[in-house]
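Okay, so here's the structure we're looking at.
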């Protein structure tokens, strides 16, 4: 029988400040070229508009989550994350998205992948990308996750139910080390472009932290401002590419953008200062412990990655890092860090045992937006060799 489309069930879920497409692992072929072709076609990549797929033409909305039951005793579900490139035929499977972790339990419970306990259910999530365990705790009623509440997070309109996301033993998510180079600071020499002080900290995801003044910024710029500075964006990517080589993510900096566009992340941090967020709200210096901005996929992140916040929380606990140098005196004597992201304050709680970071917690909201099926032309997957079904 001739069929024009391959039909794939999925859910669209907003988790924190990101939006992702969630699939059951059992509905997809095993990891590899065929799975990637199917997912790229589902998202409409590569195309800067993603007009012929489910992607939102932005790194925050071009993300895939694959969920299935776990065989591990310490986990209920397995969660594999992919950063789907908007304009290239690439899915980067190396790291995790912390924001979309908030949606994993919503999807898992709706798909009956685990038992539900009322009034709260903690979903034990094994993130296959980072080989880490994450706990997400949800309010539940009549077997369903509640989403309509009174908790607000900067960068998301309205309010929702407060979800606790707890990252266990977050250090070394990709590189295996909290400080991948062994140093709290390194100097990256780009010759004619200059020398730049960086700290590279891997917790949740590896992040390269810059001093904004060294790249011609104040530190309070909003993402749209930085994206209007092509020379600065190129400089940030050049530094990130060298860092990717330094920590072994790519063998050569020259291939970092093509081979590992999403990892490491990169950003800049500065001392607490007043700034105005994209909605025109004044964020006062005394409300935050530092001001921070991150970039992903060669674009500035509109808010702040959760895994980036986990890294920033860890970096704040390490004297000598670029992050620790700029945090408030209050934060230097606390296990709580308030990050001034583009939209406003964001809290990270760090639990240490001695010098080891045992867990980091953040709060998010999340909700399901759609359940349905995506229709994918067989020609996008198989070309002229499409099978007859």
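Every number here is computed from the coordinates shown, using simple stated rules; none is lab data. None of the values given here were measured: they were computed from a predicted structure. With ideal geometry, Cβ positions are generated from the backbone for all residues, glycine too; neighbour counts draw on all protein chains shown.
Which of rounded, prolate or oblate describes region 291-389 when judged by the alpha-carbon gyration tensor and an a/c cut-off of 1.5?
Since a/c reaches 1.5 and a/b is larger than b/c, the shape of region 291-389 is classed as prolate.
Neighbouring Cβ atoms within 10 Å as the yardstick, rank 147, 26 fewest first.
Starting with the residue having the fewest Cβ neighbours, the order is 26, 147.
Sequence gap at least 6, Cα distance under 8 Å: using those rules, report the relative contact order of the chain to the nearest whole percent.
Over the chain, the number comes to 19 percent.
Nearest 10 degrees is fine. How inclined is helix 33-43 to the longest principal axis of the chain, computing both from alpha carbons?
It is inclined by approximately 80 degrees.
Sort region 58-174 into rounded, prolate or oblate with this rule: let a ≥ b ≥ c be the square roots of the eigenvalues of the Cα gyration tensor; rounded if a/c is under 1.5, and if a/c is not under 1.5, prolate when a/b is larger than b/c, oblate otherwise.
oblate
Relative contact order for region 186-353: what is it in percent, counting Cα pairs under 8 Å that are at least 6 residues apart?
23
Give me 209, 79 sorted ascending by neighbouring Cβ count inside 10 Å, so fewest comes first.
In order of increasing Cβ crowding within 10 Å: 209, 79.
To test your reading of the geometry: what angle, between 0 and 90 degrees and rounded to tens, separates the Cα axis of helix 98-110 from the longest principal axis of the chain?
It works out to around 30 degrees.
Between region 64-85 and region 231-308, what is the separation of their alpha carbon centroids in Å?
26
What's the angle, to the nearest 10 degrees (0 to 90), between helix 230-246's Cα axis and the longest principal axis of the chain?
80
Given labels modelled 7 Å from the Cα in the Cβ direction, how far is it in nm from residue 332 to residue 281?
So the label points at residue 332 and residue 281 sit 3.0 nm apart.
Please give the length that would be gained between residue 347 and residue 222 if that part of the chain were fully extended, namely 0.36 nm times their separation in residues minus their C-alpha to C-alpha distance (nm, one decimal).
Additional length available on full extension: 43.1 nm.
How far is the Cα center of region 141-191 from the Cα center of region 351-372, in Å?
6
Return the calculated 222 nm mean residue ellipticity for the chain, to the nearest 500 deg cm²/dmol, obtained by summing -39500 (n - 2.57) across DSSP H runs with n ≥ 4 and dividing by the residue count.
It lands at -5500 deg cm²/dmol.
Looking at the square roots a ≥ b ≥ c of the eigenvalues of the Cα gyration tensor of region 1-83, which shape do they give, rounded for a/c under 1.5, prolate if a/b is larger than b/c, or oblate?
Oblate, because a/c is 1.5 or more while a/b does not exceed b/c.
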